Amino acid sequence: MILPLSITGKTQIYGIIGYPIAHTFSPPLQNAAFQAIQIDAAYLPFEVHPKKLKAAIAGIKSLQIRGINVTVPHKVHVVPFLDEVTPTAQRIGAVNTILNNHGRLIGTNTDGQGFIRSLSELPFTPQDKTIVILGAGGSTRSIVVALAEANAKQIFLVNRTIAKAKHLVEEFSPVFPQTQLRAEQIENLYSLPIDLFVNTTSVGMEGDKSPADLNQFKILHYVADIIYTPQQTALLKQAKQLNIPFINGLGMLLYQGCEAFEFWTQQSAPTALMKTTLMKLLN
Ligand code: ATR
């Protein structure tokens, strides 16, 4: 943790905006990283009411804040206030990281790439793979874009409200011709060989409910849940029971932060230290 006493007139300021913001893990995570590689910077939480978002973004420029993370509920609404948005963030339609490059605000989105990086712990690479994703919300968008950019062969979208999954397929199919996207009922997928099953819904955060019965799949190689509290959801407990390698959402949380750090500093993030910091915060 950076000591306020070490902040000087030269210290560069970073931070995170959200509403509410009190529960964020990002300040200790990023401050540990800055301190570890001796960058003179401090990272702070900023609670920004949705009505004050435009003013807050203008404030990044006027206060010469060097970098900002953006979290719920601002990720989509922030886009029009930026000077430039990376192609990945444009496709996702949401920004979670802003770099203030000498007065020009450049937005990117590290959520999907963070997810891909977390898969390497399985280990899993998306290229030429068949993947089932449960959910069709904001997290799904970032994960679909990242998996398709990594040349996944097939992505099946399953969602309680099937129309939302179909809408995503219509939007992304022309953008990613190399990846076959389809909205499906889960029952139609049980007999296909599936490389990776991903839960992006909130089912499993509370209680011991699982969003799917993994036992129904004939062939399923890996499971990922983006939930990190609890660290082992009912879905992951079943994966464990079935001897299917799995990851929870901690990796995505960690690596989206590492990717943001690298976008700002152009230096490799101290991932091991950031991981230890995150684990300490959670335990
Ligand atoms: P996020 O930004 O985290 O993706 P979101 O945009 O609110 O959150 O998306 C939540 C996803 O979880 C949706 O796909 C939602 O399904 P619907 O589109 O049908 O609403 C899914 N979800 C939430 N609660 C659910 C439940 N009890 N059963 C099944 N799906 C659920």
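Between the helical axis of 250-265 and the longest alpha-carbon principal axis of the chain there is an angle of about 40 degrees.
Rolling a 1.4 Å probe over the heavy atoms of the protein chains gives the chain an accessible area of 48 Å² per residue. Remark: the stretch 94-104, residue by residue, has Karplus-estimated 3J(HN,Hα) of 7, 10, 10, 9, 10, 10, 8, 9, 6, x, 9 Hz, where x stands for each Gly or Pro and the curve is 6.51 cos²θ - 1.76 cosθ + 1.60 at θ = phi - 60°.
Please name whichever of ILE162, GLY103, SER173 sits farthest to the positive end of the charge dipole of the chain, dipole taken about the Cα centre and charges placed at Cβ: Lys and Arg +1, Asp and Glu -1. Positive-most Cα among the choices belongs to GLY103.
The calculated Kirkwood hydrodynamic radius for the stretch 32-116 is 13.5 Å, given to one decimal from all distinct C-alpha pairs. The angle between the Cα long axis of helix 271-282 and the main principal axis of the chain comes to about 80°, on a 0 to 90 degree scale.
What translational D, rounded to a whole number of µm²/s, comes out for the stretch 184-243 from Stokes-Einstein when the hydrodynamic radius is the Kirkwood one over Cα pairs, at 20 °C and 1.002 mPa s?
Values: Rh = 11.8 Å.
Result for D is 182 µm²/s.
Size check on the stretch 131-174: the Cα extents along the three principal axes, sorted descending, read 27, 19, 17 Å. Of the solvent-accessible surface of the chain, computed with a 1.4 Å probe and all protein chains present, 53% belongs to carbon and sulfur. Compute the long axis of helix 53-62 from its Cα atoms, compare it with the longest principal axis of the Cα atoms of the chain, and write down the angle in degrees, 0 to 90, nearest 10. Here the helix axis deviates by roughly 50 degrees.
About the Cα centre of the stretch 123-244, how large is the charge dipole given +1 on each Lys and Arg Cβ and -1 on each Asp and Glu Cβ? Please answer in debye to the nearest 20. List each step's numbers first, then the result.
On the way: 11 positive and 11 negative charges, 14 e Å.
Using Cβ point charges on Lys, Arg, Asp and Glu, the stretch 123-244 gives about 60 debye.
Only helices enter this figure: runs of n ≥ 4 DSSP H residues, each worth -39500 (n - 2.57), summed and divided by the residues of the chain, yield -10000 deg cm²/dmol at 222 nm to the nearest 500. Mean separation of Cα pairs under 8 Å and 6 or more residues apart, divided by the residue count, gives the chain a relative contact order of 16 percent.
Would you work out the charge dipole size for the chain about its Cα centre, treating the Cβ of every Lys and Arg as +1 and the Cβ of every Asp and Glu as -1, and quote it to the nearest 20 debye?
Values: 23 positive and 19 negative charges, 85 e Å.
Using only the charged Cβ atoms, the result is roughly 400 debye.
Our Cα-only numbers for the stretch 123-244 put the radius of gyration and Dmax at 13.5, 39 Å.
Indicate, rounded to the nearest 5 percent, the antiparallel portion of the DSSP beta bridges found entirely in the chain. DSSP beta bridges in the chain are roughly 20 percent antiparallel.
Which entries in the list LYS75/LYS164; LYS153/LYS218; LYS166/LYS240; LYS51/LYS75; LYS240/LYS275 go over 24 Å, if you measure between the two C-alpha atoms of each? Display every interim value, and only then the final one.
Numbers: LYS75/LYS164 19 Å; LYS153/LYS218 19 Å; LYS166/LYS240 31 Å; LYS51/LYS75 14 Å; LYS240/LYS275 22 Å.
Checking Cα-Cα distances, LYS166/LYS240 exceed 24 Å.
Calculated over the chain, the projected area of the Cα convex hull averaged across directions stands at 14.9 nm².
The values are calculated or read from the model by the stated rules, or taken from the named source; none is laboratory data. Bear in mind the structure is a predicted one, so any value in this text is a computation, not a measurement. Positions of Cβ are backbone-derived with ideal geometry, glycine not excepted, and every protein chain shown enters the neighbour counts. Surface areas here come from the heavy atoms of the whole protein model, side chains and all, with no ligands, DNA or RNA. Shrake-Rupley method; radii C 1.70, N 1.55, O 1.52, S 1.80 Å.
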